[in-house]
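I have a structure I would like to understand better, so I am pasting it below and will then ask my questions one at a time.
Nothing in this text is a laboratory measurement; each read-out follows from the coordinates by a stated rule. Because the structure is predicted, anything quoted here is derived from the model rather than measured. We place every Cβ from the backbone using ideal geometry, glycine too, and count neighbours over all the protein chains shown.
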Amino acid sequence: MSLTNQRIQQDGKLLKSLTGIKGLDEVTFGGLPAGRPTLVCGNPGCGKTLLTVEFLVRGAIEYNEPGVFISFDENKEDIAINAASIGFDLADLSKKGKIFVDSISIDHNQVGVSGGYDLEGLFIRLDYAVNAIGAKRVGIDSIDSLFSGLTQHNLLRSEFKRLLNWLKEKGLTAIVTAERGERALTRNRLEEYIADCVILIDHRVERQILTRRLCVTKYRGSSHGTNEYPFLLDSNGISVLPVTSIGLEYKVSDEHISTGIAHLDTMLDEKGYFCGSTVLVSGTAGTGKTSVALHLANATCARGQRCLYLASEESPHQVIRNARSIGMDLEPFVKQGALRLVASRPTSFGIETHLVATHRLINEFAPSVIIMDPITNYSDIGSENEIKMLMMRLIDLMKASNITSLYTTLNGSDESLYTSSMGISSLMDTWIFLTNNEYSGERTRGLSIIKSRGMSHSNQTRDFLITDKGIKILDAYTGSGITTKGGTYQWMTLMRKMLGDPMSQWRKRLNQ
Amino acid sequence: MAQETESIGNHTTWQLRLYVAGQTLKSVTAISNLNEICEKHLNSKYKIEVVDLRREPQLALQDDIVAIPTLVKTLPMPLRKILGDLSDTDNVLVGLDIEKITKTHDESK
């Protein structure tokens, strides 16, 4: 979908106006209805005002559509401070004639009523502002303050309707904000008057973490994304994450990349992971999941590609130190800029913040491999379903950018062998399972490939050692239809060296 | 403050500004209602300025006007606004502090 046109013609008639807000144009499939009002409703503090401000400022800067902002809530100074918090200089834009800010306050202690009136004054001010800068966009924030300042609600309702018609007549693309109501969408049931587009925004605190969400509940004459999309409000403004809208339409690659472990490549169709595929490495504690991940990071950087390593349990230094203990020096890669180690605890932010932060890192760093080690901790910040949605969004994003991604996840020792936490194994193309078996008074590490979509792969469980030169996968002993492991394997190899194949000798004896 | 109130009783002129928009029925009614009330209650101790926002829209900003017609009392303090065509005389008198002050004026006589 090309979003280069300023206004997009869709279904023959409906014109849309790009907001310029990251993600919102994707969710609405091309922006808000052009020349028409859109209702944005939400609770106090959910970001209605900043959404409106960003819509106007982006319009003025990016699409050369000057905008009028009328606030019933704040004075001009506060509006300027708020806008500055997301990086906009309203004073400068006003000076250049791109933005016109007007604030209206109705102090009902100061105001009495005697006889009939209308809101012609508001229309006159709006008209004056629109003409002064040749505005194409209007933001009105929030209409409820008008309702709390004045008591004649029937009159206000009809005047509100008149305002909407006025905006349409003038061909202004507008956002009108309103407070969320308890029973209806808005407190004063204003959604009944806006027929074209209604956007609901929401912020909830779940597990002590704030999550913001946006949802297009109505968009007449246009299809739109129907989910609740998490969004982020930070110094760069609003970012809505419509990543699921990529869906399953990405292209896949036939190329492979090395796992960094020679024998593991052999087990995976002699070649390694598919480019742009997802790899899950699961296992109980201490089975060597991070080592498998580090091999991939090392091999990627050695090839001259970029790798993003998101550590949620260890600091960057610790990752480097641990890598050194298995014979990899990652420090030069960090210095070259081939490897970026980012450490943060999942509980530091909400889900949507993680999503956005990862999104930004991916866009900015453009890695070919991403490692998330481990993803288990994310279950602390959301339900299984939410985490699955988070992973799905991330995976869609990575697949669309042909990024190979590897995730490690910790299994509890009492869980069944194939329990992958958070039910994400279905999202994975390749699943490597690591075990720690106690046998004959010795722990043996085992590695098996549970699945690897689109390639033939080894079905064996292989023993491996973690040495100071990295992971060493041992040859499986497959003589005579028995696979042996660990100490037994070593003993048998020794016996074989001394006596030849014990099994065949035994068989010989039996035959005699 | 006390001194001011005292002077209100005797010398102050009511500074009134009436915002209208063109020659609408409400605007015309408001103008005639205001003239009538002032004549009757303020003994020509008043000044009325009628602002037509149709002609001078930028003036709507100075008194933060939203509704039409709006009557603004700038003096005596405090600033008060009365929305509407001023057909409810009692509300206008309360809004402009007229009744109270003329009473005290009478008593002082």
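From the C-alpha gyration tensor of region B:12-107, pull out the three semi-axes of the equivalent ellipsoid (sqrt of 5λ each), sorted largest to smallest, in whole Å.
Three semi-axes, in Å: 23, 14, 11.
Right, next: On average, how many beta carbons from a partner chain sit within 10 Å of the beta carbon of a residue in A:102-112?
Per residue, the average neighbour count from other chains is 5.
With Cβ to Cβ distances under 13 Å as the rule, what net charge do the other residues near B:L83 carry (K, R +1; D, E -1)?
Here the charged neighbours net out to -4.
If you don't mind, another one. In angstroms, what radius of gyration and Dmax does region A:256-474 have, counting Cα atoms only?
16.2, 51
How charged is the neighbourhood of A:S258? Take every other residue with its Cβ under 9 Å from the Cβ of A:S258, and add Lys/Arg as +1 and Asp/Glu as -1.
On the way: positive: A:K271, A:R303; negative: A:D265.
Result for the neighbourhood of A:S258: +1.
Then there's this: Taking beta carbons within 10 Å but only from partner chains, what does the mean come to for residues B:78-85?
6
Which distance in Å, rounded to a whole number, links the C-alpha centroids of region A:98-153 and region A:321-361?
After rounding, the separation between the Cα centres reads 50 Å.
log₁₀ I(q)/I(0) of region A:167-222 at q = 0.28, 0.30 Å⁻¹, via Debye over equal Cα point scatterers, no solvent, to two decimals?
Normalising to I(0) and taking log10 leaves -1.23, -1.29.
Please figure out what share of the DSSP beta bridges in region A:7-240 is antiparallel and state it in percent, rounded to the nearest 5.
Values: 24 of 50 bridges.
The answer is about 50 percent antiparallel.
Looking at region A:101-220 only, what percent of DSSP beta bridges run antiparallel? Nearest 5 please.
75
Additional query: Excluding A:C215 itself, calculate the net charge of residues whose Cβ lies under 9 Å from the Cβ of A:C215, where each Lys or Arg counts +1 and each Asp or Glu counts -1.
Values: positive: A:R213; negative: A:D202, A:E228.
Net charge around A:C215: -1.
While we're on this one: Taking the Cα-to-Cβ direction at A:L155 and at A:D78 and moving 7 Å from each Cα, how far apart do the two end points lie in nm?
For the pair A:L155/A:D78, the computed spacing is 2.5 nm.
So what are the ³J(HN,Hα) numbers for region A:431-438, from phi and the Karplus equation (6.51, -1.76, 1.60; θ = phi - 60°), rounded to whole Hz, Gly and Pro as x?
10, 9, 10, 10, 10, 10, 9, 9
Using the Kirkwood formula over every pair of different C-alpha atoms, what hydrodynamic radius in Å results for region A:7-240?
So the Kirkwood estimate lands at 17.9 Å.
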